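The values are calculated or read from the model by the stated rules, or taken from the named source; none is laboratory data. Since the structure is predicted, the reported quantities are computational estimates derived from the model, not experimental observations. Note that each Cβ is placed from the backbone with ideal geometry, even for glycine, and that neighbours are counted across all protein chains shown.
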Amino acid sequence: MTANAQTQSPQPHGVFNYMAADTPASLLRNGQVMIQRDPSGNTTASAGIRLDPHSVPVFNARELPAAEQPGLDINGFELQHQPLPDAALDFHHQQTVLAEYYPQCAALVSRITGARAYAFDHNVRSAAGKQSGRRISGGQDVQEPAHVVHGDYTLRSAPERLQQLTRPPSGNDTLLGTLPAGVGLLPAGSLKAERFAIINVWRNIAAQPVATHPMALCDGQTVLPEDLVVFEIHYPDRVGENYFAKFSPAHRLYTYPQMTRDEVLLIKQWDSAGNLARTGGAGADAEQPAAPCTFSFHSAFEDPRTPPDAPDRWSIEVRCMVVYD
């Protein structure tokens, strides 16, 4: 994005939850900030999570000229027009999503990146669905929109996830029971790839455009290693990690108002070619502004322009592992 994007008039500020300012920054697991989740994906215990709300300007990416639109490689996210081949696809049925929607997501990510892509996990989110205890048929409980600024993987958990996907699914893996016995989703040779990435395909699955809990994306080139706090997620069979964010006025947040079912957001969760990833956190992506960023922070937020009777957001995000040959 160019200097024109930096002077664009912002939308009204949104409120975003960041980790408390006195939380020590961390790049690697230290047992200080964590939650425990049950097999249905619900949180059962937590420790060390202290969030501070910040009012932050959120820029409308739709207003940017075509030449200045954010890109997946450099900024960590981009919008794609991608109508569903089957408009009646049932996102509340696990096997339908795995059999029909996963291949669509993998094909899209492969086309955009030019690399091999493998869909391996997903969440359906809705505040009302969470409150009512809605459960996906054959799958997990519906989760609420995540109102905390975060990235889904870390220096440790991203390569661990790559390794796990070369082995047969186990525990609460979404693909458990869908692959031939003794087979992993990725060929073992994927571990030798010089570059891999994890990319989410985020879509509104309601008939109406998104009005509540819209997504905001942070330009990956504005993130520094000292902004990061490891957040551990303890599952019954493994430990995952996210990065929570400490507030920085340098963060540039963007949104795409009124997203429809015909659009998808590609959100980079990790890229081993990013400077932060390659240096083990010793360097920032901003030091190489024309090179790939490592990831994009993201969060749902409250838009003050949302009418009180706006329909609830229903969304799905599908995670794809990307292997560059």
Just one of Ala117, Ala106 is touching a helix residue (DSSP H, G or I) at 6+ places or on another chain (Cβ under 6 Å), closer than 26 Å to Arg278 by Cα and touching a residue at least 12 places away in the same chain (Cβ under 8 Å); which is it?
Ala117
Within the set of pairs 6+ apart or on separate chains, which have a first residue in region 146-170 that is over 18 Å from Ala119 (Cα atoms) and in contact (Cβ under 8 Å) with a residue 24 or more places away in the chain, a second that is buried (at least 18 other Cβ atoms within 10 Å of the Cβ) and among the charged types (D, E, K, R), and C-beta atoms under 7 Å apart?
Thr154/Glu241; Arg156/Glu241
1 or more residues more than 30 Å from Arg134 (Cβ to Cβ) and of a type in the set (Ser, Thr, Tyr): qualifying strands (runs of 3 or more DSSP E) within region 22-90
51-56
Residues of region 266-298 being surrounded by fewer than 24 Cβ atoms within 10 Å (Cβ to Cβ) and of a type in the set (Gly, Ala, Ser), in sequence order, are Ser272, Ala273, Gly280, Gly281, Ala282, Gly283, Ala284, Ala286, Ala290, Ala291
So, in region 34-84, how many residues would count as being touching a strand residue (DSSP E or B) at 6+ places or on another chain (Cβ under 7 Å), farther than 29 Å from Glu263 by Cβ, surrounded by 13 or more Cβ atoms within 10 Å (Cβ to Cβ) and of a type in the set (A, V, I, L, M)?
3
Answer residue from region 116-147, given it is aliphatic (A, V, I, L, M) and crowded, with 18+ Cβ neighbours inside 10 Å and is farthest from Val183 (Cα to Cα) among those:
Ala127
Identify all residues within region 1-33 that are buried (at least 16 other Cβ atoms within 10 Å of the Cβ), aliphatic (A, V, I, L, M) and modelled with pLDDT under 95; write none if there are none.
Met1, Ala5
Ser137 versus (1) out of contact with any helix residue (DSSP H, G or I) (no Cβ under 9 Å at 6 or more places or on another chain); (2) small (Gly, Ala, Ser); (3) more than 30 Å from Thr279 (Cβ to Cβ): which is the lone unmet condition?
(1)
